[in-house]
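Scroll down for the structure; my scribbles are underneath it.
Bear in mind these aren't lab numbers, they're just calculated from the coordinates by the rules spelled out. As the structure is a computational prediction, the values presented were derived from the model and not from experiment. Backbone-built Cβ (ideal geometry, glycine too); neighbour counts: all protein chains shown.
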Amino acid sequence: MTDQASLRRHDQKSTEILLAVWRVIAERGISGVTIRAVAARAGVSVGRVQHYFATKDELIRASADLMISAAESIHTEATAATGPAAELWDLLTHPIPHASASPTGTAVFYSFVADSVRDPQIAAILASAKSGAAERAAALLAQLDPDLPDPDAAGRELIAVSDGATLGTLIGSLNPDQARAVIGSAISRIIGEDVIGAGSQHLA
């Protein structure tokens, strides 16, 4: 029991530090991430941060991984009792409200995207997440339309459309309704609104 309690405390402390990384990125950009800045934002000592993460790169990689894991958990919980149409819609559109009403999370994510050009390990984390999302989209499309010729290609296409719509909302070239309409049109073009059937209300 003591070991389990220690592990939970370790996880909580390290998570608090990683959340502080997000806040530093939101305030200063990813170039502003230093062990000292993160320690100050988390309200802990530099030594405490280094106890969990020896370098700045370790901090950034772990915080990117946490963001992906958190987003996946939120999606899983939100769609646990829904059908494939609703789950597909959530998978493709869940970043959009954050990009409009509270853009910080999306902005931090795109900071990781920019840093992935420099750091292949971050690139691998993000690429794995996108591959997983595309695979899930393909599986949902196959449920919605068993006759779809190439659900894998369609899944990749829809994730790419979602990424573009989310970025458009973040930079202001699309409003949230327009972004969702773009995604809805892409889904309808691939599987047809008649296939969406009972889940069509989620495409409104």
(message) Contact order normalised by length for the chain, with contacts defined as Cα pairs under 8 Å and 6 or more residues apart; what percent is it?
(response) 19
(request) Calculate how steeply helix 176-191 sits against the longest principal axis of the alpha-carbon atoms of the chain, using the helix alpha-carbon long axis, and give the answer as 0 to 90 degrees to the nearest 10. (result) 50
(message) Please compute the modelled spin-label separation between Asp152 and Ser185, points set 7 Å along Cα→Cβ, answer in nm with one decimal.
(response) 2.9
(message) Run lengths n ≥ 4 of DSSP H only: what is the helix-derived mean residue ellipticity at 222 nm for the chain, with -39500 (n - 2.57) per run over all residues, to the nearest 500?
(response) -25500 deg cm²/dmol
(message) Along the charge dipole of the chain, pointing to its positive end and built from +1/-1 on Cβ of Lys, Arg, Asp and Glu, which listed residue (Gln12, Pro146, Ile171) has its Cα farthest out?
(response) Gln12
(request) With no solvent and one equal point scatterer per Cα, compute the Debye intensity ratio I(q)/I(0) for the chain at 0.09, 0.14, 0.18 Å⁻¹ and report its log10, rounded to two decimals. (result) -0.41, -0.87, -1.20
(message) Restricting to Cα pairs below 8 Å that are 6+ residues apart, what does the relative contact order work out to for segment 120-160? Please round to a whole percent.
(response) 43
(request) Please work out whether segment 100-192 counts as rounded, prolate or oblate from its C-alpha gyration tensor, where a ≥ b ≥ c are the square roots of the eigenvalues and a/c under 1.5 means rounded, while otherwise a/b larger than b/c means prolate and anything else oblate? (result) oblate
(message) Starting from 0.36 nm per residue, how many nanometres of slack lie between Asp11 and Val113 once their C-alpha separation is accounted for?
(response) 34.2 nm
(message) Neighbour counts of other C-beta atoms within 10 Å: give me Val33, Val49, Val182 arranged from fewest to most.
(response) Val182, Val33, Val49
(request) Specify the residue with the greatest mean-square fluctuation among Ala137, Ala39, Ala54, computed from a Gaussian network of the chain linking alpha-carbon atoms under 10 Å apart. (result) Ala54
(request) Please give, to one decimal in nm, the separation of the simple spin-label points placed at Ser31 and Asp57, each 7 Å out from Cα toward the Cβ. (result) 1.9
(request) Mind putting a number on the dipole of the chain about its Cα centre? Charges go on the C-beta only, +1 for Lys and Arg and -1 for Asp and Glu, and I need it in Debye to the nearest 20. (result) 1160
